[in-house]
Amino acid sequence: MTDISASFETPSKGSRLFIRAALIGVALIAILTLIAAAGVRYGLLLAIGIGFGLTLEGLRFGFAGPWRAMILRREPAGLLAQLIAIALVAIVAFPLLSGDHPELIGAHAAIGWAMVGGAFVFGAAMQLVLGCGSGTLVNAGSGNPVSVVALPFFIIGAFTGSYHLLWWTELGQLPLVTLQGTSGLGITLLGLLIVGGVALAVAPKQARKVPRRLLVAALLLAALAVANFVVAGQPWGVVYGLGLWGAKVTSALGANLSASPYWASAAHQERLAASLLTDYTSLTNLGIILGAFIVAVWRSGLSAKLPSLSAKAWIAAIVAGFLLGYSSRLALGCNVGAFFSGISTGSLHGWAWFVAAFAGSWVGIRLRKPLGLEG
Amino acid sequence: MTGFFTSRALPASATLLALGALLVFDLQTSQPLNPYTAPAAIMLGSDEAASGAFCALVPPKK
């Protein structure tokens, strides 16, 4: 019997070459099969998702980690890279949304009590599992056991949160505010500049540089996010797809989702009936996991030993996973759908999400030690 | 196989297996895929309406 892990641990030069060729082959076959079975658009979105996964894992670009570095050590590099990527997407997305393109839609949502509270809880939970919306997918694909345990509960939470979403939004929300056109783009870029400037101002001198790796990652992520926007007609998101996975399983097991005004709506009924392989967010999510797995195998990263964590830590990961899912639906997006895509397509809720989630992160970082998630 | 069970290979493989199972389950319970009714390759420039099935969408109250 072949020892799978042994092939990851001590691959010879020849077998390493074979493994890498096989990884590329598997990705290409998956994309081409989907194109043949469902259509070009779906194959392209899977390819874009794999690109996200390769970039996020390959260049170690994240959201939770850089926020932690900023809060604990005032190291702004990762946060600055996020802001650069958002600015680059905004420069393309704003003119497209202001033009004659009714087929395109931004990640626009209203600020409300539940939205702000959800973002705060999400920020705290993402520091507990050290993974955000995209980060949990990347970490699961690369074999991080905490994320693998958290992911199913993330899915259950996203489904449950969306099931209750309209009850939460009825608690009160402001009218929808979106920044549009050249002036909207100017305000957005100025806002990003101010946040970046503050992050640089409070940073120690030696930390005021963004490594080339993160700049390349920001550029690639921006290009992929624009590609996602152009191909799907909607911005990059994560948690909608996870909620849909939960809804599909629940529905197929016989549950009636018509009691939920959210899942009973026409758009979601259509998604429930269609295959996940034709759902844009699901495809990029699947691609992210596959891309991260490819990088992990490519680097022989799967040979890393599993950590020994206490029962309390595993329970914390499960609870945090559920909270990540539930709160991100209330927040009308996670770090990707609300922060990254919201701000880059002119939604004011993206900025509110950023402030609330950053405050939540501050709390979450301080909860890690008492919950046994740090030695 | 001891190394497999004590390394990241185990959770990574479990993730891929679970996703594979989800897709098989989905293909058996959803509308069949049909490449001949597929939309245009790229949404930009097509005559389609935005689907609205994404994170920020809140369906209207009835």
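All of the numbers you see were taken from the coordinates with simple rules; none came from a lab. Bear in mind that the values here come from a model prediction, so they are computed numbers and not experimental data. Quick reminder, even Gly has a Cβ in these numbers, built from the backbone with ideal geometry, and neighbours come from all protein chains shown.
The table that follows gives values for the structure above.
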read-out: For chain A, size of Cβ-based charge dipole, Lys and Arg +1, Asp and Glu -1, in debye; value: 1300
read-out: Separation of alpha-carbon centers, the range A:287-311 and the range A:111-168, rounded to whole Å; value: 20
read-out: Chain A: DSSP helices with Cα axial extent of at least 15 Å and average Kyte-Doolittle hydropathy no lower than -1.0; value: A:13-37, A:40-58, A:77-98, A:113-128, A:145-163, A:181-202, A:212-232, A:239-252, A:280-298, A:311-330, A:348-367
read-out: The protein assembly as shown - mean residue ellipticity at 222 nm from DSSP helices (-39,500 (n - 2.57) per run, n ≥ 4, rounded to 500); value: -21500 deg cm²/dmol
read-out: 5 angstrom amide H check on A:G112, placed H, neighbours 5+ away; value: A:L174
read-out: Positive minus negative residues near A:I294 (Lys, Arg vs Asp, Glu; Cβ under 12 Å); value: +1
read-out: Gyration tensor (alpha-carbon) shape descriptor, chain A, a/c threshold 1.5; value: rounded
read-out: Residue of A:P95, A:P76, A:P66 that the Gaussian network model of chain A assigns the largest fluctuation, springs spanning Cα pairs under 10 Å; value: A:P95
read-out: Cα-projected label distance for A:L176 with A:R366, points at 7 Å along beta-carbon direction, nm; value: 3.7
read-out: Chain lengthening between A:D100 and A:S308 when straightened (0.36 nm per residue, less Cα-Cα); value: 69.3 nm
read-out: Extension gain from A:S300 to A:E270, taking 0.36 nm per residue of separation minus the Cα-Cα distance; value: 6.7 nm
read-out: Among A:L54, A:L80, A:L220: highest mean-square fluctuation, GNM of chain A, C-alpha pairs under 10 Å; value: A:L220
read-out: Aspartates and glutamates whose Cα lies under 18 Å from that of A:K205, excluding same-chain neighbours fewer than 8 positions away; value: A:E75
read-out: GNM result for chain A, Cα springs below 10 Å: residue of A:L348, A:L302, A:L214 fluctuating most strongly; value: A:L302
read-out: Surrounding net charge for B:Q31, when Lys and Arg each add one and Asp and Glu each subtract one, Cβ distance under 14 Å; value: -1
read-out: Under-5 Å amide H pairs with B:S7, H placed in peptide plane, nonlocal only; value: A:L306
read-out: For the range B:11-58 and the range A:323-361, distance of Cα centres in Å; value: 23
